[in-house]
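The values are calculated or read from the model by the stated rules, or taken from the named source; none is laboratory data. This structure is a prediction, so every number in the text was calculated from the model and none was measured. When we count neighbours, we look across all protein chains shown, and the Cβ atoms used for this are built from the backbone with ideal geometry, even at glycine.
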Amino acid sequence: MDIKEIRKNARDKMKGFCRVCPVCNGVACAGEVPGMGGSLTGAAFKNNVEDLAKVKLRLKTIHDAKEPDMRCRFFQEQIDFPVMVAPITGSQYNMGGALTEKEYVDSVIKGSISSGTMAMIGDAAVLSMYEDGIQSLKEANGKGISIIKPRENSHIIENIRKAEGVGAIAVGVDIDGAGLVTMALKGQPVGPKTVEELKELVNSTKLPFILKGIMTPEEAELAVEIGAKAIVVSNHGGRVLDSTESTAKALWKISKVVKGKITIFVDSGIRSGVDVFKMLALGADGVLVGRPVIIGAFGGYEEGVSKVLNDMKNQLYQAMILTGSKDLKSIDSTKISIEWK
Ligand SMILES: Cc1cc2nc3c(=O)[nH]c(=O)nc-3n(C[C@H](O)[C@H](O)[C@H](O)COP(=O)(O)O)c2cc1C
């Protein structure tokens with residue numbers, strides 16, 4: 001299955017929810033949340049893509065980086081390249097429901113493993129969605145990560161136990177889901193957390209703990225203080241708060257403060273292996289990808305996800321050759337120029 005066919009299938013299956021635009025930049029779908037868009041004006045989603053486009057690679061060809069090494073290790077797990085699948089839920093109300101929740105999560109878990117990486121599962125107002133993710137993880141011998149909504153701590157800890165029970169690699173909370181009205185409307189209150197509340201969560205498990213949705217250096221430092229093993233610099237793909245800064249800009253500031261003290265992941269607006277390279281050069285240790293993988297899953301289930309991820313892997317490899325980067329640690333800010341710096 002080639003990428004054209006995958007995109008055509010996805011366009012048919014997601015009619016009314018995603019147009020599968022030539023460039024997935026948040027323009028056509030502004031305000032479509034629930035759906036695939038960014039919240040209100042869509043500015044946060046658009047900023048993510050626009051700011052990343054203003055980072056340019058410095059092409060170099062006189063060097064010895066002939067066979068770049070893209071392998072990396074996160075939480076004791078080695079993966080072939082530093083790209084994982086972001087936690088996504090709501091096939092029915094966000095994507096049109098052509099795939100059941102279980103079919104979606106199976107596609108991303110299996111597709112990520114077959115391309116040499118792993119996926120995260122998400123949590124939502126409909127409680128069965130988290131269970132679907134846990135079941136998929138179980139079937140994959142736990143190879144994946146569970147990200148739970150910022151519910152009451154007792155409920156989060158219950159969900160952490162389920163992830164531990166299936167052998168998940170790590171757990172975390174998408175703390176930027178704190179204002180999700182959709183959750184409150186369905187009787188599933190979420191909210192911000194104090195440092196003490198977060199420490200209770202970190203100390204409730206032996207698994208590495210991830211805070212997803214960190215957008216400022218101050219909160220990145222708090223994540224280090226509470227003992228989180230990783231953060232995801234994320235604005236939820238522009239879905240939770242209109243007009244936030246892009247994750248590329250936030251990452252650039254955050255990495256200056258906490259690089260080396262905590263694992264830094266980033267997501268939002270990453271569309272190619274070249275974008276992955278840019279995020280690594282801005283200071284990330286690894287990235288997550290959301291919407292392109294959704295299109296892969298709807299267009300071709302596991303095979304579609306695998307194709308999208310493998311394309312990114314190949315593009316990153318090419319970018320490393322053409323910038324003289326023989327391994328991931330040699331991808332740094334000397335390899336890029338930044339128009340907004
Ligand atoms: C349809 C949709 C559903 C999502 N559901 C969740 C979720 O359940 N939990 C979560 O932490 N993030 C969720 N996210 C956010 C993603 O994990 C990720 O941060 C975002 O998609 C990254 O941006 P990108 O799609 O531009 O790559 C969702 C995003 C989309 C588009």
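Does at least one position in segment 270-283 carry a residue that is assigned to a helix (DSSP H, G or I), in contact with a helix residue (DSSP H, G or I) (Cβ under 7 Å, 6 or more places away or on another chain) and among the aromatic types (Phe, Trp, Tyr)? Looking through segment 270-283, at least one residue is assigned to a helix (DSSP H, G or I), in contact with a helix residue (DSSP H, G or I) (Cβ under 7 Å, 6 or more places away or on another chain) and among the aromatic types (Phe, Trp, Tyr). Taking residues in segment 192-206 that are in contact (Cβ under 8 Å) with a residue 12 or more places away in the chain, and partners anywhere that are assigned to a helix (DSSP H, G or I) and not hydrophobic (A, V, I, L, M, F, W, C), the pairs with Cβ atoms closer than 6 Å and at least 6 places apart or on different chains are Glu197/Asn153; Glu200/Asn153.
If the condition is being touching an Asp or Glu at 6+ places or on another chain (Cβ under 8 Å), outside any helix (DSSP H, G or I) and of a type in the set (A, V, I, L, M, F, W, C), then segment 242-269 contributes Ile264, Phe265.
Can you say whether Glu67 is farther than 30 Å from Lys138 by Cβ, away from the ligand (no atom under 16 Å from the Cβ) and not in a helix (DSSP H, G or I), as far as the supplied structure shows? Taking the combined requirement at face value, the residue satisfies it. Against the criterion of being within 15 Å of the ligand (Cβ to nearest atom), in contact (Cβ under 8 Å) with a residue 40 or more places away in the chain, of a type in the set (Val, Ile, Thr) and assigned to a helix (DSSP H, G or I), Val49 qualifies. Per the conditions (1) among the acidic types (Asp, Glu); (2) closer than 22 Å to Ser146 by Cα; (3) out of contact with any Phe, Trp or Tyr (no Cβ under 9 Å at 6 or more places or on another chain), the sole criterion not satisfied by Glu245 is (2).
Please work out which one of (1) within 15 Å of the ligand (Cβ to nearest atom); (2) surrounded by fewer than 22 Cβ atoms within 10 Å (Cβ to Cβ); (3) not in a helix (DSSP H, G or I) is the condition Gly187 fails and give its number. Going through (1) within 15 Å of the ligand (Cβ to nearest atom); (2) surrounded by fewer than 22 Cβ atoms within 10 Å (Cβ to Cβ); (3) not in a helix (DSSP H, G or I) one by one, Gly187 breaks only (1).
Determine, yes or no, whether Tyr93 is surrounded by fewer than 24 Cβ atoms within 10 Å (Cβ to Cβ), within 15 Å of the ligand (Cβ to nearest atom), closer than 21 Å to Lys149 by Cβ and not acidic (Asp, Glu). When the stated conditions are applied, Tyr93 passes them.
Table: residues versus (1) at pLDDT below 95; (2) of a type in the set (Gly, Ala, Ser); (3) outside any loop (DSSP other than H, G, I, E, B); (4) crowded, with 22+ Cβ neighbours inside 10 Å.
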| site | (1), (2), (3), (4) |
| --- | --- |
| Thr89 | no, no, no, yes |
| Gly97 | no, yes, no, no |
| Ile109 | no, no, yes, yes |
| Tyr130 | no, no, yes, yes |
| Gly133 | no, yes, yes, yes |
| Lys138 | no, no, yes, no |
| Gly142 | no, yes, no, no |
| Ile147 | no, no, yes, yes |
| Val173 | no, no, yes, yes |
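With the condition kept exactly as written, say whether any residue in segment 252-270 is within 16 Å of the ligand (Cβ to nearest atom), closer than 16 Å to Gly177 by Cβ and either surrounded by fewer than 24 Cβ atoms within 10 Å (Cβ to Cβ) or more than 19 Å from the chain's Cα centre (by Cα) (or both). The answer is no; no qualifying residue exists. Within segment 19-42, restricting attention to residues that are among the hydrophobic types (A, V, I, L, M, F, W, C) and near the ligand (Cβ under 9 Å from one of its atoms), which residue is farthest from the chain's Cα centre (by Cα)? By that ranking, first place goes to Val33.
Residues that are within 13 Å of the ligand (Cβ to nearest atom), of a type outside the set (D, E, K, R) and within 20 Å of Glu302 (Cα to Cα) within segment 131-169 comprise Gly133, Ile145, Ser146, listed in sequence order.
Applying the set (1) outside any helix (DSSP H, G or I); (2) over 18 Å from His236 (Cβ atoms) to Asp123 leaves exactly one unmet item: (2).
Rundown of residues vs (1) over 15 Å from Ala119 (Cα atoms); (2) of a type outside the set (D, E, K, R); (3) away from the ligand (no atom under 12 Å from the Cβ), yes/no style:
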{"residue": "Arg291", "(1), (2), (3)": "no, no, no"}
{"residue": "Glu303", "(1), (2), (3)": "no, no, yes"}
{"residue": "Lys307", "(1), (2), (3)": "no, no, yes"}
{"residue": "Asp311", "(1), (2), (3)": "yes, no, yes"}
{"residue": "Gln318", "(1), (2), (3)": "yes, yes, yes"}
